Amino acid sequence: MLRLGAQRLRGLPWRGFPVSRFPSCPRSVSGRRGEDNPPLSAETRWKDQAETVIIGGGCIGVSLAYHLAKAGMKDVVLLEKSELTAGSTWHAAGLTTYFHPGINLKKIHYDSIKLYEKLEEETGQAVGFHQPGSIRIATTSIRVDEFKYQMTRTGWHATKQYIIEPEKIQEMFPLLNMNKILAGLYNPGDGHIDPYSLTMALAAGARKYGALLKYPAPVTSLKPRSDGTWDVETPQGSMRANRIVNAAGFWAREVGKMIGLEHPLIPVQHQYVVTSTIPEVKALKRELPVIRDLEGSYYIRQERDGLLFGPYESQEKMKVLDSWVTSGVPPDFGKELFESDLDRIMEHVEAAMEMVPVLKKADIINVVNGPITYSPDILPMVGPHQGVRNYWVAIGFGYGIIHAGGVGKYLSDWILHGEPPFDLIELDPNRYGKWTTTQYTEAKARESYGFNNIVGYPKEERFAGRPTQRVSGLYKTLESKCSMGFHAGWEQPHWFYKPDQDTHYRPSFRRTNWFEPVGSEYKQVMQRVGVIDLSPFGKFNIKGQDSIRLLDHLFANVIPKVGFTNISHMLTPKGRVYAELTVSHQFPGEFLLITGSGSELHDLRWIEEEAVKGGYNVEIKNITDELGVLGVAGPHARKVLQKLTSEDLSHDVFKFLQTKTLKISHIPVTATRISYTGELGWELYHRREDSAALYNVIMNAGQEEGIDNFGTYAMNALRLEKAFRAWGSEMNCDTNPLEAGLENFVKLNKPADFIGKQALKQIKAKGLKRRLVCLTLATDDADPEGNESVWHDGKVVGNTTSGSYSYSIQKSLAFAYVPVELSKVGQQVEVELLGKHYPAIIIQEPLVLTEPTRNRLQNKGGKEKN
């Protein structure tokens, strides 16, 4: 017998399973799994053709099969190599929570829990769902700030969440040591579910609606066909599939390798401990809520009349299964566990005993140590994969139980309707690329696991695995001068150090050490001239005899004339904003398309798919890594650049939104007169290897004009003052361009029937329910970031989308969506920041006129005087 006392824990025997290989039976490692649900027998049928083949029979794959079949898709087939739940599902702790710091992932959690609440009634299969709620514990003032930060991001969502006082926490969990507890973040409806029973209930539902679940049926080969279908080979035979979905858990890398893909995934070991009956727990009259001690980095919940707790150890101590990446998953691994390693989690065990003293005299009956799969950033990879037709993934789930129901519904809706039901780009599998090496994946997975419970700050940066091979030509020149941010593998300056100022990374919920330097950079661009490295932009070259027809079909705007650029948007069939790009018509029928760094492969996949679907004769090339980009902006930008080129840069000759090839000094560039700052400026596209030389000649030429660097934080403040929208904030797959204020970029009267045109006409005819507005607010020492709740008359009526401090009016500035009836200039509302409601007022946008507009008004005024 093993007592869970700090001085008696190491090296003693413990009561429980004596070996690392567990029997493949439907009984929970925590003692409750499958009691009401015997395993369902495997199908004996076989199909030669399928609409969708799902590879993997864990809770994720089975959920997708259930949702697709329930939605009416015929010929849904799931192939599992051994038996359902084998892998990570069967040994999971089964936690469920409405909470997630990501805005749209809250919807995934919500959909999962709402499904689990009704699944037993629908299928007749017990699921063992307990909903005692959960409490995140704050023992530091920073944690309290974090809870306030999360509260303002929850008000406009359906989930209920509250900050509760220590007295309420003790009432709900009377076994806690309350000495250090300052507050709790409480989510009613949270809890835990039996993963085995959940999966069996989903399987019963999938079969009920017509899906075929076949196991054991290991996939041995995947062969793409020219028409976009797949030949799926198994020992039982082959199957033709219109699409395949890789939901293979820690086998996902092996499945990807069959078609030449290296999915950036790595299995890690996660342990949790189960105790025997604890008298104090047994005596309780209601089930304890799940506790998450964030400083102790563990969760604890009731398991029958005992407790179950699981830690997330530091990145130095956690165990990565790197051999599974280099040598592959052991062929027969399915329902096995690893030997326990209590030494690795001792500090968390001791923290748990301090927080819940009854653990000190509890007996451990089980230590579960099993593999779960991590992506570099801890988030799963969900959706279609760029570069491979009709290949979808649902992989990399470190928290598969809470994600399973919602992700199954999300993917099902996307597959059936041709577009995602809501924006979830943070899960896009195409956020990774060739730069995502195995070494990077391991370093980031270690960091992500170890950081499971660290404070989640706005503008957070994590430094493991950096820099990648994807650095711009300016990285070595600038790395010691600035604070770099990570953008799709690139390092990009966020803000630049000033003499005698604090240069450390100091994240905060309030204004911090970058506030004044960013103000200096803002003035630099507004008053003189600044240079910014924009190399992380995604860059595509499109040409061919059908290039104009393709782009006219893709974009809601007209196609720019040769030598000009415009801002264009790709819409979904339902009229939502899938992407925003700048389109430059460089030569007849040849275009340069530019998108944000985080959208590179997201946008490229959509373009490529539409080109194939429509049979367009075009050549599409991703040239992101070939080109560097420098932005030069400010009232002296023309004067500096004119010193370096024979090309006439005057306003009348090099017009706004014009693009030309020229030389800066001796360096060939494609220069486009455009700047996200809204000031006079050019973007200079050039060979990546020329970046340092180009930067140096520009900086040398601008000495007389006081030229200096600026970063993305200053650019954000500048673009907000000019009321420039940002994709991913003001517009995405949750918004249509009309409510986002993008009417000037949408040409409903153009002849081409662009994607989303008909839907947008219907939206316009019905009228809008909300609009994007610009707000100013006077705060203390915190500024809006986006996703804060907007209040009016005591109710949440909308949300901010992005925000910043305005250095021109010395107030906070934000974009926000509000109901149409509250969208008039002068309307007063409130914005919630860190638990306080700040008065805000809707202003006429833009706060600061753009340089082209100022010029136009000045010229118009001059003509009127004449």
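The values are calculated or read from the model by the stated rules, or taken from the named source; none is laboratory data. Just so it is clear, the model here is predicted, and its values are computed rather than measured. Glycine also receives a Cβ, built like all others from the backbone with ideal geometry; neighbour counts cover every protein chain displayed. Please note that ligands, DNA and RNA were not included when accessible areas were found on the heavy atoms of the full protein model with its side chains. Shrake-Rupley method; radii C 1.70, N 1.55, O 1.52, S 1.80 Å.
So here's what we get for this one:
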| read-out | value |
| --- | --- |
| Subset of segment 340-385 that is in contact with a strand residue (DSSP E or B) (Cβ under 7 Å, 6 or more places away or on another chain) and in a loop (DSSP other than H, G, I, E, B) - its residue that is farthest from ILE169 (Cα to Cα) | HIS385 |
| Which listed residue, of GLY598, GLY615, is open to solvent by 20 Å² or more (accessible area, probe 1.4 Å) and in a helix (DSSP H, G or I) | GLY598 |
| Inter-residue pairs, beta-carbon under 8 Å, first closer than 21 Å to PHE129 by Cα and assigned by the TED database to the domain that holds LYS282 and in segment 296-325, second of a type in the set (D, E, K, R) and at pLDDT below 95, 6+ apart | GLU303/ARG32; ARG304/ARG32 |
| Search result, residues across segment 718-773 that are open to solvent by 30 Å² or more (accessible area, probe 1.4 Å) and in contact with a Phe, Trp or Tyr (Cβ under 6 Å, 6 or more places away or on another chain) | ASP734, ARG770 |
| Residue check, MET715 modelled with pLDDT of 95 or more, of a type outside the set (Asp, Glu), open to solvent by 10 Å² or more (accessible area, probe 1.4 Å) and touching a strand residue (DSSP E or B) at 6+ places or on another chain (Cβ under 8 Å) | yes |
| Single residue of ARG292, ARG225 found to be without any contact (Cβ under 8 Å) to a residue 24 or more places away in the chain and open to solvent by 20 Å² or more (accessible area, probe 1.4 Å) | ARG225 |
| Failed item in (1) in a strand (DSSP E or B); (2) open to solvent by 40 Å² or more (accessible area, probe 1.4 Å); (3) closer than 30 Å to LYS655 by Cα, with PHE815 passing the rest | (2) |
| When residues of segment 425-451 are limited to those that are polar (S, T, N, Q) and assigned to a helix (DSSP H, G or I), the one surrounded by the fewest Cβ atoms within 10 Å (Cβ to Cβ) | GLN439 |
| Search result, residues across segment 205-222 that are touching a helix residue (DSSP H, G or I) at 6+ places or on another chain (Cβ under 7 Å) and surrounded by 16 or more Cβ atoms within 10 Å (Cβ to Cβ) | GLY205, ALA206, TYR209, ALA211, LEU213, VAL219 |
| Scope segment 633-670; condition of a type in the set (Gly, Ala, Ser) and open to solvent by 60 Å² or more (accessible area, probe 1.4 Å); matching residues | SER646 |
| Count - residues of segment 295-329 that are among the charged types (D, E, K, R), under 22 Å from PHE451 (Cα atoms) and open to solvent by less than 20 Å² (accessible area, probe 1.4 Å) | 2 |
| Matching residues in segment 379-404 - criterion: being of a type in the set (Gly, Ala, Ser) and surrounded by fewer than 21 Cβ atoms within 10 Å (Cβ to Cβ) | GLY387, GLY398 |
| Filter result (open to solvent by less than 30 Å² (accessible area, probe 1.4 Å) and in contact with a helix residue (DSSP H, G or I) (Cβ under 8 Å, 6 or more places away or on another chain)) within segment 254-269 | HIS263, PRO264, LEU265, ILE266, PRO267, VAL268 |
| Candidate set from segment 662-716 (those that are part of a helix (DSSP H, G or I) and among the polar types (S, T, N, Q)); member that is farthest from the chain's Cα centre (by Cα) | ASN700 |
| Failed item in (1) within 30 Å of LEU478 (Cβ to Cβ); (2) more than 28 Å from the chain's Cα centre (by Cα); (3) open to solvent by 40 Å² or more (accessible area, probe 1.4 Å); (4) without any contact (Cβ under 8 Å) to a residue 60 or more places away in the chain, with GLN527 passing the rest | (4) |
| Residue within segment 453-474 that is outside any loop (DSSP other than H, G, I, E, B) and either at pLDDT below 95 or buried (at least 18 other Cβ atoms within 10 Å of the Cβ) (or both) present | no |
| Enumeration of residues in segment 218-250 that are at pLDDT 95 or above and hydrophobic (A, V, I, L, M, F, W, C) | VAL219, LEU222, TRP230, VAL232, MET239, ALA241, ILE244, VAL245, ALA247, ALA248 |
| Subset of segment 687-743 (residues that are closer than 19 Å to GLY798 by Cβ and among the acidic types (Asp, Glu)) | GLU730, ASP734, GLU739 |
| Residue tally, condition more than 33 Å from the chain's Cα centre (by Cα) and of a type in the set (Gly, Ala, Ser), over segment 813-866 | 3 |
| Test result for ILE809, under 30 Å from ALA637 (Cβ atoms), of a type in the set (Val, Ile, Thr), modelled with pLDDT of 95 or more and open to solvent by 20 Å² or more (accessible area, probe 1.4 Å) | yes |
| All positions within segment 557-597 that are among the aliphatic types (A, V, I, L, M) and without any contact (Cβ under 8 Å) to a residue 40 or more places away in the chain | ILE559, VAL562, LEU581, VAL583 |
| Selection within segment 272-289 - more than 12 Å from ALA362 (Cα to Cα) and surrounded by 14 or more Cβ atoms within 10 Å (Cβ to Cβ) | TYR272, LEU284, GLU287, LEU288, PRO289 |
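Yes/no matrix, rows are residues, columns are (1) without any contact (Cβ under 8 Å) to a residue 12 or more places away in the chain; (2) farther than 27 Å from PRO101 by Cα; (3) polar (S, T, N, Q):
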| position | (1), (2), (3) |
| --- | --- |
| GLU743 | yes, yes, no |
| ALA752 | no, yes, no |
| ILE755 | no, yes, no |
| ALA759 | no, yes, no |
| ASP781 | no, no, no |
| GLY798 | no, no, no |
| SER802 | no, no, yes |
| ILE809 | no, yes, no |
| VAL820 | no, yes, no |
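Table: residues versus (1) outside any loop (DSSP other than H, G, I, E, B); (2) open to solvent by 50 Å² or more (accessible area, probe 1.4 Å); (3) aliphatic (A, V, I, L, M); (4) closer than 29 Å to LEU424 by Cβ.
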residue	(1), (2), (3), (4)
THR503	no, yes, no, no
GLU516	yes, yes, no, no
ASN541	yes, no, no, yes
ARG549	yes, yes, no, no
LYS561	no, yes, no, no
MET570	yes, no, yes, yes
LEU581	yes, no, yes, yes
